[in-house]
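None of the figures in this text is laboratory data; all of them are computed from the coordinates on show. Small disclaimer: the values here were computed from a predicted structure and weren't measured. Here the Cβ positions follow ideal geometry from the backbone for every residue, glycine too, while neighbour counts run over all protein chains shown.
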Amino acid sequence: MSFSGKYQLESQENFEPFMKAIGLPDELIQKGKDIKSFSEIEETGDNFKVTVTTGTKVLVNSFTIGQEADIETITGEKLKAVVNREGKKLKVSLKGIESVTELVDGNTIVNTMTLGGIVYKRISKRV
């Protein structure tokens, strides 16, 4: 099953506590909590391009499975990381954050980010 496609955020859990934990200012947290983001994933073999649009902010990350890449985080920081694939899951570790993006079925992606005891979960549906 391919990750390729466009997805819209349908629901999320623990947005505010997670964003506070990673140091996002309260003003941005309040602005961002009700915005439905859109994700576009282009998958070509082991090469991925992920574009996430939240309001006017656009975050684009390109990477190859198993190879070090520059990944931009939610806070705008650029870090070197390796994205690995395990079946229908993409996994990456960024500054103590464990991120798992799972293709649950042909139309649903669940992204779970864990930092310490805080689990931020985003569910997006294909559009």
Quick calc: nm separation of the 7 Å Cα→Cβ label points for PHE15 and ASN47 -> 3.4
Helical contribution to [θ] at 222 nm, DSSP H n ≥ 4, -39,500 (n - 2.57), averaged over the chain, rounded to 500
-3000 deg cm²/dmol
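Residue separation times 0.36 nm, minus the C-alpha to C-alpha distance between THR64 and VAL82: what's the value?
Values: separation 18, 0.36 × 18 = 6.48 nm, distance 0.83 nm.
Between THR64 and VAL82, full extension yields an extra 5.7 nm.
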Run the reach check for LYS20 against lysines, Cα to Cα strictly under 16 Å, same-chain hits fewer than 8 apart removed. What comes back?
LYS31, LYS33, LYS95, LYS121
To the nearest 0.05, what FRET efficiency results for SER4 and GLN30 with a Förster distance of 22 Å applied to their C-beta separation?
0.10
Whole-Hz ³J(HN,Hα) for each residue in segment 56-73, computed from phi via Karplus 6.51 cos²θ - 1.76 cosθ + 1.60 with θ = phi - 60°, x for glycine and proline: what do you get?
9, 8, 10, 10, 10, 10, 10, 7, 10, 3, x, 10, 5, 9, 7, 10, 8, 8
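Rounded, prolate or oblate for segment 46-127? Axes are the square roots of the Cα gyration tensor eigenvalues, ordered a ≥ b ≥ c, and the cut-off for rounded is a/c under 1.5.
Values: a/c = 1.16, a/b = 1.12, b/c = 1.04.
Here segment 46-127 falls in the rounded category.
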Mean-square fluctuation maximum in Gaussian network of the chain, Cα pairs under 10 Å, restricted to LYS91, LYS80, LYS57, hits LYS57
How large is the convex hull of the Cα atoms of segment 9-62 per residue, expressed in Å³ as a whole number?
101
Hits in segment 14-32: amide N under 13 Å from the 7 Å Cα→Cβ extension of ILE123, namely 14
Which peptide among 71-77, 47-53 comes first, and what is the full order, when sorted by highest mean count of other Cβ atoms within 10 Å?
47-53, 71-77
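So how do 21-30, 110-119 stack up, highest first, on mean other-Cβ count within 10 Å?
In descending order of packing, they fall as 110-119, 21-30.
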